[in-house]
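Since every read-out is calculated from the coordinates, none of them should be taken as a lab result. Just so it is clear, the structure is predicted and the values come from calculations on it, not from any experiment. All Cβ positions, glycine included, derive from the backbone under ideal geometry; neighbour counts span all protein chains shown.
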Amino acid sequence: MHDFHYVGGRLHCERVAIESLVNKFGTPLYVYSQHTLTDHFQKLDIALAPLNHLVCFAVKANSNLAVIRTLANQGSGFDIVSEGELRRVIAAGGDPRKCVFAGVGKTEAEIEFALRQGIYSFNIESEPELARINRVAARLKKTAPIAVRVNPNIDAHTHAKITTGTYENKFGIAFEQIERVYARASRLKNLRLRGLQMHIGSQLTEVKPFEQAVKKILPLAAKLADKYDLEFFSVGGGLGIVYNPALDSGSPEWWQTPVAKKILTPATYAATLVPLLQPAGLRILIEPGRFIVGNAGILVTRVEFVKRTGRKNFVIVDAAMNDLIRPAFYDSYHEIVPLRRKGGAMTESDVVGPICESGDFFCKNRPLAKVGEGDHLALLSAGAYGFVMASNYNSRGLAAEVLVNGNRAASVRERQPLAEIWKSESVPAWLK
Ligand code: LLP
């Protein structure tokens, strides 16, 4: 569910007409719904209520300070992957003691910073990392809380670029190696073995792979917990969302279809996993990113030109792959709707950006209502892995971001001024 819907034929976010935001903030513009964010967080939190648990929002999905703050206010913890993300959490008022630090390449400086901040756990991805964290902790005369990320070698059947739980991936330590690695870690004086972690992939739309992975790993978690007094088991993130409502709900009228058929709801997820996890008596962590923020954000763009080539109808918009790279990178589907709903015939269209690459598209051959210069379109489900993956390619400034709460809207990131793009660059003296 989300809070983007038509009122009187105009697209709204909660009670605010998107057109009014376009007039005030321009385009391309990311718009986030605070209510959708809190609603998704709470649904998950409530579904997991029978467990001693902590929801750790995966900051990589959307690291805007306002998004982090919204979730921190709900009591969320955070899954971070860099010093930058930890600094963002702190800047937004989040609690470092509720942070877990993942990633295969943590630097010494990052480890030191995180240790000083007192994070909840380092999720370790290799044996050299174990040794490095122990060394840094010893130097600081601290004890580093750690969990090892176990790679369960389970194929989550998601996109190749976002599968993480098989031995073809760089992530985690192989299931068969885990006991040996814990034995080794237990001998390192400046480590405290606090938990075990897994994450099998992203955008999973069925509960089965989660169930398989938990069934495979939980006995190991219980055994290690017994032996080393572990406190938690993290089941990672990966809950998928509905990107294509027509496909997933059987109705193209997504705003009239509150319950999509194929979506993996927190209730379905919990109904399968809670009974499995509960007997272990461990604290359960979950690291959702996309589920919380994916459908809480849209990217609004202006139609600049409509170019008919005889074979094709290109709708050229002012947003591009530098603003939202998912279609170019993963061939992913984002629903595209006009800010003003119109009747009339649909035209097969390619919605494309102005960047000089054929990969700069948002959809191909998709039936869309007729639009013309100056109309606006919204790319839905752009809240996760949207703005955070943006770049300055083609020296395009980063888009603005707005947060809506009921009938209020506030800028949560100003559009990047162009001169800022090259402000850290310089020309060496010998060229002058
Ligand atoms: N925990 C770990 C260890 C992860 O690697 C990830 C995502 C998550 C949690 C959060 O996963 P989520 O709940 O959001 O599925 N850029 C890609 C997605 C990359 C996901 C990377 N890891 C996309 O746009 O689809």
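Within the chain, which complete DSSP H helices have Cα atoms spanning at least 18 Å along the helix axis and a mean Kyte-Doolittle hydropathy of -1.0 or higher? In the chain, the long hydrophobic H runs are 34-47, 127-139, 208-228.
For the chain, modelled as a GNM whose springs connect Cα atoms under 10 angstrom apart, the maximal fluctuation among ARG415, ARG302, ARG290 occurs at ARG415. Translational diffusion of the stretch 103-286 was estimated from the Stokes-Einstein equation, with Rh taken as the Kirkwood radius over Cα pairs; at 25 °C and 0.890 mPa s the coefficient is 139 µm²/s. Cross-link check: pairs LYS43/LYS216; LYS312/LYS370; LYS98/LYS170; LYS106/LYS170; LYS60/LYS161 evaluated at a Cα-Cα cut-off of 18 Å; pairs beyond the cut-off: LYS43/LYS216; LYS98/LYS170. Annotation: the antiparallel percentage among DSSP beta bridges lying fully within the chain is about 50. Using the charge dipole of the stretch 79-122 (Lys, Arg: +1 at Cβ; Asp, Glu: -1 at Cβ; taken about the Cα centre), state which of VAL104, ILE119, GLY94 has its Cα farthest towards the positive end. It is GLY94. Taking a straight Cα-Cα cut-off under 18 Å and skipping sequence neighbours fewer than 8 places away in the same chain, the lysines within cross-link reach of LYS141 are LYS189.
Within the stretch 164-185, list the residues whose amide N lies under 13 Å from a label point set 7 Å along Cα→Cβ of ASP226. No residue passes the distance filter. Working value for the chain: equivalent-ellipsoid semi-axes of 40, 26, 19 Å, each the square root of 5 times a Cα gyration tensor eigenvalue, largest first.
What you get for the chain, charging only the Cβ of Lys and Arg (+1) and of Asp and Glu (-1), is a dipole of about 620 debye around the Cα centre. Compare the Cα positions of THR301, VAL337, LEU418 along the charge dipole of the stretch 295-420 (+1 at Cβ of Lys, Arg; -1 at Cβ of Asp, Glu; about the Cα centre) and return the one farthest towards the positive end. Looking along the dipole axis, the top candidate is VAL337. Within the listed set GLY240, GLY397, GLY165, the residue fluctuating most in the Gaussian network model of the chain (springs between alpha-carbon atoms under 10 angstrom) is GLY397.
Once fully extended, how much extra length lies between LYS342 and LYS364, figured as 0.36 nm per residue of separation less the alpha-carbon to alpha-carbon distance? If you can, show how the numbers build up before the last one.
Values: separation 22, 0.36 × 22 = 7.92 nm, distance 2.05 nm.
Full-extension gain reported as 5.9 nm.
Between GLY237, GLY344, GLY294, where does the largest GNM mean-square fluctuation fall for the chain, given springs only between Cα atoms within less than 10 Å? Fluctuation is largest for GLY344.
Note on the stretch 103-286: dipole from Cβ charges, positive end direction compared against ILE286, PRO145, PHE210; the farthest Cα belongs to PRO145. Counting only DSSP H runs of at least 4 residues, each contributing -39500 (n - 2.57), and dividing by the residue count of the chain, the helix-based mean residue ellipticity at 222 nm comes to -8000 deg cm²/dmol.
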